[in-house]
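Reviewing the structure listed below.
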Amino acid sequence: MELKAASVDWMEDVGNDPRLQVVVDEIPSRDKLRFEHEDGIWCGIKDGFVSYYAWSGDGNDGGYAGRCYTITMRDGTEVTLKGPWSSRAGCVNQRSFGPVVDVRITTDPSALERGHTFGTGSLTLEAAKQAIDLVDEDAHLERQLKYSNDEPVWVPVRDTGGDEA
């Protein structure tokens, strides 16, 4: 996966956190990823791209309408996740896999101009920092703690040129 371009949707007219939007040459398919798991999170990383699921390892957890996903572990064994949930970067970052950053991702460069038609995805923090460096504006990623269990997440913020709160 090669980063081609990036922008930030600052979400100025809503209360949501800003989102990093990236254009890549290709999004690795699940069969190209090698997964590991820890405490119910199954995480695969390839060339800075990250895919993860929350699954108990015990039957159908009810996510994705019970759909099954077969993944390949680092040791080459295959595991079928039955009804996993998609989870979020903060949950992954509480494990040893991270840090990862949730992004909007596409292979279509015109999506940046339109401002829509992105998929959801995740990048390693290193890849996300490379992407934020492609943004024309002065921006960086800031570590924040979110949700009731203080999950570490990285959010785009504008450089202020002075002291940051």
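Of note:
- Available extension along the chain between residue 80 and residue 149 is 22.0 nm, counting 0.36 nm per residue and deducting the alpha carbon span.
- Accessible surface of the chain, 1.4 Å probe, proportion on carbon and sulfur as whole %: 42 percent
- Using a Förster distance of 35 Å, the FRET efficiency for residue 10-residue 107 (Cβ separation, nearest 0.05): 0.90
- Working from Cα pairs under 8 Å separated by at least six residues, relative contact order for the chain is 22 percent.
- Residue-normalised accessible area of the chain, given per residue in Å² at a 1.4 Å probe: 55 Å²
- Note on residue 142/residue 32: beta-carbon distance plugged into 1/(1 + (r/R0)^6) with R0 of 30 Å gives a FRET efficiency of 0.45.
- The phi torsions of the range 64-74, fed into the Karplus equation with coefficients 6.51, -1.76 and 1.60 and a -60° offset, translate into couplings of 6, 6, x, 4, 9, 10, 9, 10, 10, 7, 4 Hz, rounded to whole numbers, with Gly and Pro shown as x.
- The range 30-87 - Kirkwood radius from inverse mean 1/r over Cα pairs (Å): 11.2 Å
- For the chain, Kirkwood radius (reciprocal of mean inverse C-alpha pair distance, Å): 16.7 Å
- Reported to the nearest whole Å, the Cα centre-to-centre distance from the range 37-69 to the range 125-142 is 27.
- Amide H contacts under 5 Å for residue 151: 146, restricted to partners 5 or more places along the chain or on a different chain, H placed in the peptide plane at 1.01 Å from N.
- Subset of 46/129; 82/146; 4/129 violating a 21 Å alpha-carbon distance limit: 82/146
- In the range 30-87, Cα pairs under 8 Å separated by at least six residues give a relative contact order of 34 percent.
- Residue-averaged [θ]222 nm for the chain, counting only DSSP H segments that reach four residues, each worth -39500 (n - 2.57): -3000 deg cm²/dmol
- Spin-label pair residue 94/residue 73, simplified geometry with 7 Å Cα→Cβ offset, distance in nm: 2.3 nm
- Backbone HN-Hα couplings from phi across the range 130-142 [Karplus 6.51/-1.76/1.60, Hz, Gly and Pro as x]: 5, 5, 5, 5, 7, 6, 5, 7, 6, 8, 8, 9, 10
The values are calculated or read from the model by the stated rules, or taken from the named source; none is laboratory data. Computed from a prediction, not measured in an experiment: that's the story for all the values here. Please note: Cβ atoms are built from the backbone with ideal geometry, for glycine as well, and neighbour counts cover all protein chains shown. Side chains included, ligands, DNA and RNA excluded: accessible areas come from the protein's heavy atoms. Shrake-Rupley method; radii C 1.70, N 1.55, O 1.52, S 1.80 Å.
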